[in-house]
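Report on the structure given below.
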Amino acid sequence: MNERKSHGFFGIAFLLPYIKPYRKKILIMVSLGIVSSLIDSLYPLFNRYILDHNIALKTLDTLPFLIIIYIALLSFQVWDNYYTTYICSRLELWMDRDLRNKSFCHLQTLSFTYFNKHSVGYIHARIMSDTGKIGELVSWRFMDIIWNLSYIVCIVIVMLFVNVKLALVIIVLIPVSVIIILLFQKKLLPLNKAVREINSKISGHLNEGITGIHTIKSLVAEDRMNCDFKAETLNMKRASVKTAHHSALFTATMTFMSYAALSLILWQGGQLTLDNIILIGTLSVFMSYALDILEPIQNLIKSVSILISIQANIERLRELLNTESDVKDSKEVRERYGDAFLPRKENWEELKGDIEFKDVSFIYPDGDEYVLKDFNLKVPFGTNVAIVGETGAGKSTLVNLVCRFYEPTKGQLLIDGRDARERSQGWLHANLGYVLQTPHLFTGTVRENLIYGKPDASDEEIFTALKAVSADELVKGLRDGLDTDVGEGGNVFSTGERQLISFARAILCDPRILILDEATSSVDSVTEERIQRAIKTLIKNRTSFVIAHRLSTITDADVILAVRDGRIVEQGNHRELMAKRGYYFDLYTSQCVKYRDE
Amino acid sequence: MELIILLKRKHQTHNNKYKTRLSLLFYFLKGSKRYFLLSLIFAGCVSVLDLIFPKIIAFTVDRIITDTDSSASYTGGFFNYIVERAGGYEYIRANMYLVALFVLLMAFLAVTFRYLFQFFNSLGAESLIKRIRDLLYDHILKLPMSWHSSNHTGDIIQRATSDVETVKNFLSDQLTNFIRVIVLIVLSIAFMASINLPLTLVAVILMPVIILYSLIFHGKIASSFLKVDEMEGRVSSIVQENLTGVRVVRAFGRESYEQDRFVSMNERYVNTWIHLMRLLSKFWATGDLISGLQILFILVAGSILCVNGNISAGNLIAFISYNSLLTWPIRMLARVVADMGKAGVSIDRIQYILNSEPEDFEDPLKEQDSFKELSDPKAIRELFKKDIEFKNVSFSYKEGAMALSDISFRLKGGQTLGILGSTGSGKSTLINLLDRMYDPDKGSILIGGTDIRSLDRRGLRENIGLVLQEPFLFSGTIRENLIIACREPSEEKVKKAVKTAALEETIRDFTRGYETYVGERGITLSGGQKQRLAIARMLLTECPVMIFDDSLSAVDSETDLRIRNALKESDLKATRIIISHRISTIMNSDLILVLDKGRLIESGSHEELLSLKGKYKRFYDLQNFGLE
């Protein structure tokens, strides 16, 4: 909590660098806003002049001048308002844009610790909605506060000029109404929050009812779901009506306050007019101020409370932007090899593909147990390493280290004999191919997906890659060939087909190191066969790490690492491990029909 | 043929249910109409009182303060009466606080009505939205699978959330406001006309201009709003994809490409917005100009009239107040009208859901005698322990693409059926037909000799336990998920089901055990854990028929075997249907079906199929290659 207070007034300090480029615009906006509110506060004076001069004296002599002044003021104000709103909206959008760009780019540099800790939905909301809220804050909310504040000040000054006694009558009401507004705000804020929470629960229910329809029907759980839903909507109704009761009471009280001001003016002002101290025009000016002044006060307080509620959004975005990657290239490395956005490829050495783990110990940043301790393994170029073990046993740890998604806690990862940290991540990733367990395709065409790692690949290269993983027939069979749209998440293809496409994508870059996370999801046997053949082609002439689920596919790997409960328990080739009759043997025999039959 | 005619007839009657937008609105308004009516009555009171205030001021200024006896207006008599009762003009002039008190009294009345108006309005609105939501949810659950699979989830949710919200806002906010504004405008004009007709004409002369202008403008920018929405969607999906594919982006080192893509789309999005905001700013400024000019017209015309003695000073003040009451409502009117169009679209979108037929609507065999015979739940349960038979069943989801053609087989009660086939071979379709998510186009499915179409869907599904490949878990605790389909099972039963599904240790590992939250708000279970939880959930229903639709795919082979053995040993003598790609999972079944492109190509026991040396043998060899 203490930490929260340390970053400046309402989090503005954090936003300053983003506001700075637009400071001139803001200055213009603020000055124009103040002028506009000043003009607004002057309009009642026209009524006063007409009543006291023209009507009281029964003359139309000054009317043309009046019309000219009025039109001049009006035209200036119309222009002023137009310009202010235009600047304000642009300011909002530019702030949004800058913050979105900044946070999106920052995300590209963050390590996986961050992505594992936060869900996609959470991060997405930071980029898409928090930035918008903040943009709104520095433009419209800020402008509201300025305009209302200066409007109140202008009215007060004008009133004091016209008649001090009547002015004081109205000014006295200001603190009273501020207190009333604050009291209601205190009551209304938690009520509104409760309504929003119930609302999101209702959406959640709906979502479940629709996405889970097959399960609901097969479990005959319709009545139960309906019952739960109705309970939630009833809750919603109760909470909303309660909120409405309070907010209606609030409006009623505020309206009553306005009329109270009016009645005071009628009483005091009427008396003064009767006594011929002031003229009717002055009385009418005060009557309109009496009815007008409470609205800007309400608006002002509303804007301030929004400002406070946006603190949470600022805080969350600040957290995102202040998070630093666990895996960072040192300054020297960045100078020599460039960073992710500006790689200096001219300085990149060729990667041979020898990998060595040297006394590597590793703890996940969010864990507290060593998953690797003093681990040593030499993987010369061309070696095929297979990692096996049950789901959730921690098979991906080694792979995460090779990809430098995490850094070893102790010890070294040597690439071509040099510490991996001596070269940039970009250099390593440019030489690395990674095929995911759940193949991820981007929206776009087949071609766009295939050339993702090598944007300048020719059609010929593409088809060579496709042929290598025997996916060329698949693509040729598509209506638009390479230019076929893959649909959202690649849903035009089956899981197995997506797997093949992502193989082709990896092979097209011709990486020295290949990481392959075998799919767990079920693929039918024919596709399975094609995938197995493709894998054999893929790992040729590369250093490869294969996370395997079906042991029949990795029996000829050079090194097999068997992982159990996060630790490597056995190491060796298939023959050696089978001879051991240990954990690998158990795993293997449980999967193979022939052994089990015996 | 008769069946089809019967279906068609019913189809028509149903679609007539909410034929027009208006009939649907009235259907929604059931139960909340009286609140809205009350709120409208109070709204009328508020408007009248709002309009009386300027009159009080005019009267006070003209009669009490300046004592210029001008032409008496019709309410003059009323105020006169009050003044007389209060002690005459002189007395009031000496005690001006009486005027103040009178204003306060009227103000109190006005705000009381205002409160009542708002309260009843929200009571109406909330009752209404509750009704719409409940109706929709109930209906959505009743709609057949074919409807659900042919409509996008996102779209249905959109209809059930934001469209409902639009309709609610329209009915509670815009419609009541619209009526209130109309009342206010009409009354203001009447009051103004009663003060001075020529001046009123000056006041209303710009009104049609403002309304027309706003209408045209709102029509024009509708497309710009759509464009902005579309752009936002694109920016948002780039972020979404980048986040879900973060590993691919990193492994291919494509951060800068992603950045460029995002920045340029972001720029386009912002520019579209700026374009729209420019239009809007222009619109607002023009509105300001027109209303400013209107005020000027009245000021000038009013002062000329006043100087010539055609209107009193107090009445001029009152007139100016009425005019300022009019300015905003008129500018708002056009927006309300524009929003009405949106509400109309939303109503249509909700109507689409409510007018779709629920699945039990079309039970053609419902009226037959056999249907009634089996209304006893115990009899139905007994029935499901008997043989399951498919007789020449054919089915297609879409015309021209056969999902299943001419399938026939018979499975004895209590036996195990294994189904093998590639993706799209019709395995899941077969299950969908058995569970009556769909009905076959041709042929029939019999259980214990009874056509399943003559059984009530719910009764049928209560006796068929189904575990899907990607099972759906509800947000809630593990326990809540387990017992969702059966009412208060004993602790012992729950434990047993959990043990059979090999989930015991997993639950023990969670610090909160059975009370661990899963789904949206809780921890994310792995695919295998989800499948096992779904199996336990299904076991608790103790169905005589159990279907495992590839539901062990994410479980490792060892656990798979453990579960199958536990199932075999359990005292539930259920008929089991197992779909899998793994030969090892189904090879011990009593009957194995091999499906290919919707056709049954091989069937028999494991040994029989192996000796056929067909597709089954090929699959078997494929899955065991690499073995010495």
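Here, each number is a calculation from the coordinates, and none is a lab measurement. Note that the coordinates shown come from a computational prediction; the quantities given were computed from them, not determined experimentally. As a convention, Cβ positions derive from the backbone with ideal geometry for all residues, glycine included, and neighbour counts pool all protein chains shown.
With contacts taken as Cα pairs under 8 Å and at least 6 residues apart, region B:114-238 reaches a relative contact order of 25 percent.
Shape analysis of region A:441-510 places it in the rounded category; the axes a ≥ b ≥ c from the Cα gyration tensor give an a/c below 1.5. Annotation for B:R410 and A:H246: the two label points, set 7 Å from Cα along the Cα-Cβ direction, are 7.0 nm apart.
Sorting B:E399, B:E232 from the fewest to the most surrounding beta carbons within 10 angstrom yields B:E399, B:E232.
Of the listed pairs A:K378/B:K530; A:K467/B:K613; A:K133/B:K342; A:K358/A:K454, which have alpha-carbon separations greater than 27 Å here?
A:K378/B:K530; A:K467/B:K613; A:K358/A:K454
Peptide A:199-212 is shielded by partner chain Cβ atoms: per residue, an average of 6 of them sit within 10 Å of its Cβ. Just to confirm a number: summing +1 for Lys and Arg and -1 for Asp and Glu over residues other than B:I129 whose beta-carbon lies under 9 angstrom from that of B:I129, what do you get? Net charge around B:I129: +3. A 29 angstrom limit on the alpha carbon distance is what I want to check against. Which of B:K30/B:K55; A:K580/B:K499; A:K102/A:K410; A:K217/B:K573; B:K427/B:K495; A:K193/B:K19 exceed it? As for pairs spanning more than 29 Å Cα to Cα, those are B:K30/B:K55; A:K580/B:K499; A:K102/A:K410; B:K427/B:K495; A:K193/B:K19.
Each of A:L482, A:L466, A:F493 was placed along the dipole of region A:441-510 (beta-carbon charges, centred on the mean Cα), and the one lying farthest toward the positive end is A:F493. Hand me the trypsin sites (Lys or Arg not before Pro) from region B:21-53 located in a DSSP loop with no more than 14 other Cβ atoms within 10 Å, in residue order please. The qualifying sites are B:K30. Here the dipole of chain A is about 1280 debye; that uses its Cα centre as origin and unit charges on the Cβ of Lys and Arg (positive) and Asp and Glu (negative). Distance distribution P(r), region A:164-277, all Cα-Cα pairs, bin width 10 angstrom from 0: 12, 25, 18, 15, 12, 9, 6, 3, 1 percent. Starting from the Cα of B:D134, move 7 Å in the Cα-to-Cβ direction to define the label point; list residues of region A:209-245 whose amide nitrogen is under 18 Å from there. It comes to A:222-242, nothing else. So if I place +1 on the C-beta of Lys and Arg and -1 on the C-beta of Asp and Glu, and nothing else carries charge, what would the dipole magnitude of the protein assembly as shown be about its Cα centre? I want it in debye, nearest 20. The calculated dipole for the protein assembly as shown is roughly 1560 debye. Just report the Cα centroid separation between region A:310-359 and region B:543-618, whole Å. Result: 50 Å between the Cα centres.
Sorting A:F357, B:F283 by the number of Cβ atoms found within 10 Å of their own Cβ, with the fewest placed first, yields B:F283, A:F357.
Computed over region B:197-310, the quotient of the alpha carbon radius of gyration and 2.2 N^0.38 Å is 1.91.
In this structure, the amide hydrogen of B:N196, modeled 1.01 Å from its nitrogen in the peptide plane, lies closer than 5 angstrom to no residue at least 5 positions away or on a different chain.
The coefficient of translational diffusion for region B:456-600, derived via Stokes-Einstein from the alpha carbon Kirkwood radius under 25 °C and 0.890 mPa s, stands at 156 µm²/s. With the charge dipole of chain B set up from +1 on Lys and Arg Cβ and -1 on Asp and Glu Cβ about the Cα centre, the Cα lying farthest toward the positive end among the listed residues B:G449, B:I317, B:L175 is that of B:I317.
Amide H contacts of A:Y434 (H built 1.01 Å from N, in plane; Pro and chain starts excluded): A:I515 sit under 5 Å, all sequence-distant by 5 or more or on other chains. Here each label is just a point 7 Å from Cα along the line to Cβ, and for A:E369 and B:N392 those points are 6.2 nm apart.
When the Cα positions of A:S263, A:A386, A:T443 are compared along the charge dipole of the protein assembly as shown, A:S263 comes out farthest toward the positive end, with charges on each C-beta of Lys, Arg, Asp and Glu. For B:D621 and B:S150, a Förster radius of 25 Å and the Cβ-Cβ distance give a FRET efficiency of 0.05, rounded to the nearest 0.05. Write down the Kirkwood hydrodynamic radius of chain B, to one decimal in angstroms, obtained as one divided by the mean of 1/r over all alpha carbon pairs. In chain B this quantity evaluates to 31.5 Å. Hydrodynamic estimate: the Kirkwood radius of the protein assembly as shown over Cα pairs, inserted into Stokes-Einstein at 20 °C and 1.002 mPa s, corresponds to D of 59 µm²/s. Backbone geometry of region A:178-187 corresponds, through the Karplus equation with coefficients 6.51, -1.76 and 1.60 at θ = phi - 60°, to 3J(HN,Hα) couplings of 4, 4, 4, 4, 4, 4, 5, 4, 4, 6 Hz, x marking Gly and Pro. Over region B:520-615, all Cα pairs binned in 10 Å intervals from 0 give whole-percent P(r) values of 13, 42, 31, 11, 2, 0, listed from short to long. Shape verdict for chain A, please, from the Cα gyration tensor: rounded (a/c under 1.5), prolate (a/b greater than b/c) or oblate. Taking the square roots of the gyration eigenvalues as a ≥ b ≥ c, chain A is prolate. Across region A:335-342, coupling constants 3J(HN,Hα) worked out from phi with the 6.51/-1.76/1.60 Karplus curve, θ = phi - 60°, read 5, 7, 9, x, 10, 4, 8, 10 Hz, and Gly and Pro carry x. Around the Cα centre of region B:470-628, unit charges on the Cβ atoms of Lys, Arg, Asp and Glu (plus for the first two, minus for the last two) sum to a dipole of about 220 debye. In chain A, helical runs assigned H by DSSP with n ≥ 4 each contribute -39500 (n - 2.57); averaged across all residues and rounded to the nearest 500, the mean residue ellipticity at 222 nm is -19500 deg cm²/dmol. Shown for A:M287, B:M332: other C-beta atoms within 10 Å of each C-beta, ranked fewest to most, produce the order B:M332, A:M287. For the pair B:F78 and B:S526, the difference between a 0.36 nm per residue extended length and the Cα-Cα distance amounts to 153.4 nm.
Distance from the alpha carbon centroid of region B:267-345 to that of region A:445-514 works out to 60 angstrom.
Close amide H contacts of B:D387 (hydrogens built in the peptide plane, cut-off under 5 Å, sequence separation of 5 or more or a different chain): B:G413, B:G448. Classify region B:440-505 as rounded, prolate or oblate, taking a ≥ b ≥ c as the square roots of the eigenvalues of its Cα gyration tensor: rounded when a/c is under 1.5, otherwise prolate if a/b is larger than b/c and oblate if not. Taking the square roots of the gyration eigenvalues as a ≥ b ≥ c, region B:440-505 is prolate.
Could you give the nm distance between label points at B:S611 and B:K385, where each point is 7 Å from its Cα heading toward the beta carbon? Roughly 3.4 nm, to one decimal.
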